[in-house]
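Please read the structure below before turning to the comments.
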Amino acid sequence: MPFANLSSRLQETFRKLRARGKLTDKDVDTALREVRLALLEADVNYLVVKDFIAKVKERAVGHQVLASLSPGQQVIKIVNEELTSLMGGTQSKISLASKPPTIIMMVGLQGSGKTTTSGKLALHFKGKGHRPLLAAADIYRPAAVKQLIVVGEQVNVPVFSMGETNPVDIAKAAVAHAKTHGNDIVIIDTAGRLHIDTELMHELEEIKRSVNPHEILLIVDSMTGQEAVSVAVSFDQQLGIDGVILTKLDGDARGGAALSVKAVTGKPIKFAAMSEKMDGLEVFHPDRMASRILGMGDVLSLIEKAEATFDEQKAKELTEKMRRDAFTLEDFREQLAQIKKMGPLDQLLGMIPGMGKLGQMRDLAVDDSHLKRIEAIISSMTVEERRNPDIIGGSRKRRIAAGSGTRVQEVNRLLKQFNQTRQMMKQFSEMERRGRKGKGGFNLFR
Amino acid sequence: MMLRKLFSRGGKKEAKVMPDPRINDDQVKPEGGADAGLLTDAERSQGSEANTEEVTPQGLFARLKQGLTKTRTGFIDRIGQILAGRGIDEDLFDELEEILIQADVGVATTLELIGRIRQRVETERITDSNAIQGLLKAEIKDLLSRDHQPLALPDHTPAAIMVVGVNGVGKTTTIGKLAYRIKQNHAKVVLGAADTFRAAAVDQLRVWANRVGADLIAHQEGADPSAVAFDSVAAAKARSADVLIIDTAGRLHTKTNLMAELGKVYRVTTRELGRDLDEVLLVVDATTGQNALSQAKLFSESVPLTGIVLTKLDGTAKGGIILALANELRLPVKLIGVGEQMRDLQDFDPISFTEALFN
């Protein structure tokens with residue numbers, strides 16, 4: 001069950017366990033075995049996992065179980081807290097030099113996203129009223145300089161390049177250029193390199209020595225596996241990094257690398273980069289990353305977004321309707337409108353635990369234009385049809401398709417999806433009813 | 001053409017056959033044929049320069065070994081250390097498990113492998129801890145050989161290859177190396193620059209095309225990638241190219257619309273080609289962890305993947321994820337990237353790969 005998420009696995013594990021006054025050795029061990037697997041599947045380094053589990057166990061055994069929680073929830077609560085604190089507690093910022101320009105050096109393996117992230121960082125500073133300069137010091141990969149120039153154009157930030165000369169000279173000249181042109185931040189984009197390539201690592205040391213950067217940022221791909229540790233340690237030992245930027249977080253990687261890197265270097269993760277658009281750079285949230293690594297989805301973000309946009313009264317009505325199994329297409333449309341207010345669908349789905357991992361759920365991963373079509377179809381139905389979709393026969397379908405500018409197949413698909421959704425809700429509410437009878441159901445998000 | 005032969009040979013054998021003069025004699029179309037006129041002089045001289053680079057048998061094998069040395073020292077030395085002089089107990093299995101997981105093999109596949117060894121130890125009443133290494137080696141070899149298929153291109157031309165993957169795994173570089181390898185046999189190669197999204201991606205591919213002496217079909221940045229694919233097929237046919245390789249933009253497998261775009265590029269290509277592509281290769285970075293499984297799963301829902309190219313094996317990454325890919329998705333690894341040089345793209349050969357790991 002490699003893709004089952006932790007909360008559902010724990011649910012399975014704890015079905016038979018009853019809440020006791022205190023967490024016993026056995027409770028903790030059972031729970032932590034699952035946590036260990038979850039962390040390993042999230043690509044957290046093996047040694048880091050070992051360490052972490054030992055620490056959590058020490059803290060958890062003998063811990064008072066809160067009345068409202070099951071032992072499993074209690075352990076997860078402790079795990080989550082430990083993970084969050086391990087990943088840095090508060091967010092860190094880039095420290096600016098008292099005497100400009102602030103020099104930032106971007107380093108990392110090939111393909112980790114240095115050039116794109118350089119552009120994003122430049123835009124980030126520009127938005128704060130700074131005047132950044134990008135310096136193209138990747139002279140090895142074909143067309144890398146050109147790439148940075150294009151990125152610079154996209155964010156409207158000047159790019160300093162000298163073609164394919166010595167990167168140390170380029171860095172020095174870029175800083176000099178910044179001083180004479182009034183740029184208060186210089187972002188040096190270096191070539192990607194293997195941490196074991198002594199020659200190229202030496203080149204980075206040379207750049208560091210000659211321009212004295214205020215920040216050396218290691219760019220780490222969130223999809224990195226166990227190797228993240230040796231990469232981070234090598235770069236840190238040879239260069240002394242000041243922080244980490246985690247990239248490609250818009251994928252479905254659980255991002256265990258974040259924990260590994262933080263644990264072995266102790267250096268803060270300063271930003272999280274997502275999307276290929278230039279504004280896709282966000283402040284890193286340790287708590288959200290913790291639940292993502294644990295496979296609980298970015299539930300906090302989702303809740304926040306939902307709270308900001310959801311009409312509470314309507315949500316309540318909807319829940320009530322689900323329970324009574326009186327959910328109609330009208331409610332479906334209402335729900336879609338609410339969801340649309342929350343932002344792009346693919347991002348939302350990524351935040352739901354286990355979503356995008358389960359095969360059947362991926363049918364729901366529609367893009368926003370699809371949503372509009374669904375809305376159009378529902379709007380082309382009569383009130384009666386919406387309330388009682390079973391009456392929709394062939395002739396009604398043709399009318400609806402014509403009215404909404406879609407095809408009969410699409411109408412069919414919607415009706416099928418709607419029926420499935422209703423089926424699912426029925427199951428959920430049945431599960432909930434059984435859970436209430438005290439079978440020790442484990443629902444982390446209620 | 002000798003393409004089928006070129007691609008169906010294993011690493012070691014290939015090295016021996018490479019200098020075979022017959023390959024030159026078989027050449028249907030001389031170097032300076034009608035199409036050569038499309039290359040600029042600079043391109044041509046660069047191309048022939050690349051061709052003269054000698055690839056000796058020792059060179060190839062040594063490079064493979066060299067590339068794998070780090071994998072080997074990290075992986076096998078530790079097994080050796082663990083197995084030296086002790087009985088078979090639970091700790092031993094735990095430690096083997098640890099090593100596999102640290103090589104990114106993944107929890108599920110690791111447990112399966114260890115489980116099988118455990119079973120054999122029991123049924124065959126093995127008591128010597130030194131035998132464990134042999135067992136593990138055999139299991140890994142079996143797993144990697146099960147669905148192994150070398151990169152095989154058909155006799156009909158143009159043979160068509162499409163290269164896909166997430167951002168930053170080394171698609172363009174792999175295409176450069178692959179084109180170089182095919183050019184070694186004097187085949188005519190057309191590269192289609194369908195990565196119209198990333199800044200300067202087309203330029204990057206152009207540099208490679210010039211380096212190896214291949215034709216490049218490109219539109220402007222931001223153009224429709226399907227249109228590029230369309231023109232690439234047309235050009236490959238018109239110029240009677242032997243091989244067409246289409247580069248695509250890196251995309252995260254979770255972006256539904258980008259995956260749909262990829263599906264369209266594929267459909268347009270097959271339609272214009274009048275048949276299926278011969279290879280659709282997913283490039284996977286050896287440093288990638290368990291997410292590679294998700295990548296392979298989701299990409300194969302948009303395009304029919306025929307195999308994996310595992311890149312960046314020259315780092316300290318163990319590349320153990322290919323065991324998980326072979327075990328859970330039965331996707332064969334076809335090529336491996338073991339360095340930054342043009343010739344550092346090898347056939348994946350499960351036997352020599354496992355042997356190189358253990359020798």
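Of the helices (runs of 4 or more DSSP H) lying entirely inside the range A:363-422, those carrying at least 3 residues that are surrounded by fewer than 16 Cβ atoms within 10 Å (Cβ to Cβ) and under 38 Å from the mean Cα position of the chain (by Cα) are A:368-379.
Could you run through the range A:40-63 and say how many residues are more than 10 Å from every other protein chain (Cβ to nearest Cβ) and either of a type in the set (Ser, Thr, Tyr) or within 25 Å of the chain's Cα centre (by Cα) (or both)?
Applying the first criterion (more than 10 Å from every other protein chain (Cβ to nearest Cβ)) to the range A:40-63 yields A:48, A:51-63.
Checking the rest, the ones that are also either of a type in the set (Ser, Thr, Tyr) or within 25 Å of the chain's Cα centre (by Cα) (or both) come to A:48, A:51-53, A:56.
Here the count works out to 5.
Could you say whether any residue in the range A:75-88 is modelled with pLDDT under 85, in contact with a Phe, Trp or Tyr (Cβ under 6 Å, 6 or more places away or on another chain) and not assigned by TED's automatic domain parsing to the domain that holds A:Phe271? Checked the range A:75-88: no residue is modelled with pLDDT under 85, in contact with a Phe, Trp or Tyr (Cβ under 6 Å, 6 or more places away or on another chain) and not assigned by TED's automatic domain parsing to the domain that holds A:Phe271.
For every residue, the table says whether it meets (1) assigned to a loop (DSSP other than H, G, I, E, B); (2) more than 9 Å from every other protein chain (Cβ to nearest Cβ); (3) under 24 Å from A:Thr180 (Cα atoms); (4) not basic (Lys, Arg).
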{"site": "A:Lys99", "(1), (2), (3), (4)": "yes, yes, yes, no"}
{"site": "A:Ile104", "(1), (2), (3), (4)": "no, yes, yes, yes"}
{"site": "A:Pro142", "(1), (2), (3), (4)": "yes, no, no, yes"}
{"site": "A:Val151", "(1), (2), (3), (4)": "no, no, yes, yes"}
{"site": "A:Gln154", "(1), (2), (3), (4)": "no, no, yes, yes"}
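When only residues in the range B:315-331 that are charged (D, E, K, R) and in contact with an Asp or Glu (Cβ under 9 Å, 6 or more places away or on another chain) count, which is farthest from the other protein chains (Cβ to nearest Cβ)? Please lay out each step first, then the result.
Taking the range B:315-331 as the starting set, the residues that turn out to be charged (D, E, K, R) are B:318, B:328, B:330.
With in contact with an Asp or Glu (Cβ under 9 Å, 6 or more places away or on another chain) added as a condition, the list becomes B:318, B:330.
On the way: B:Lys318: 7, B:Arg330: 15 Å.
Per the stated criteria, the residue is B:Arg330.
Working only within the range B:263-314, note down all residues that are of a type in the set (Ser, Thr, Tyr) and more than 10 Å from chain A (Cβ to nearest Cβ). Steps first, please.
Start the filter on the range B:263-314 by keeping residues that are of a type in the set (Ser, Thr, Tyr), which leaves B:266, B:269-270, B:287-288, B:294, B:300, B:302, B:306, B:311.
Residues satisfying the conditions are B:Tyr266, B:Thr269, B:Thr270, B:Ser300, B:Ser302, B:Thr306.
Within the range B:328-349, the set of residues being buried (at least 21 other Cβ atoms within 10 Å of the Cβ) and either touching a His at 6+ places or on another chain (Cβ under 7 Å) or in a helix (DSSP H, G or I) (or both) comprises just one member, B:Pro332.
Of all the helices (runs of 4 or more DSSP H) wholly in the range B:127-222, which have at least 2 residues that are crowded, with 23+ Cβ neighbours inside 10 Å and within 14 Å of another protein chain (Cβ to nearest Cβ)?
B:171-183, B:201-212
Name the single residue that is nearest to A:Glu82 (Cα to Cα) among those in the range A:250-280 being within 14 Å of chain B (Cβ to nearest Cβ) and of a type in the set (Lys, Arg). Taking the candidates together, the pick is A:Arg254.
The values are calculated or read from the model by the stated rules, or taken from the named source; none is laboratory data. Because the structure is a prediction, the values reported are computed rather than measured. We place every Cβ from the backbone using ideal geometry, glycine too, and count neighbours over all the protein chains shown.
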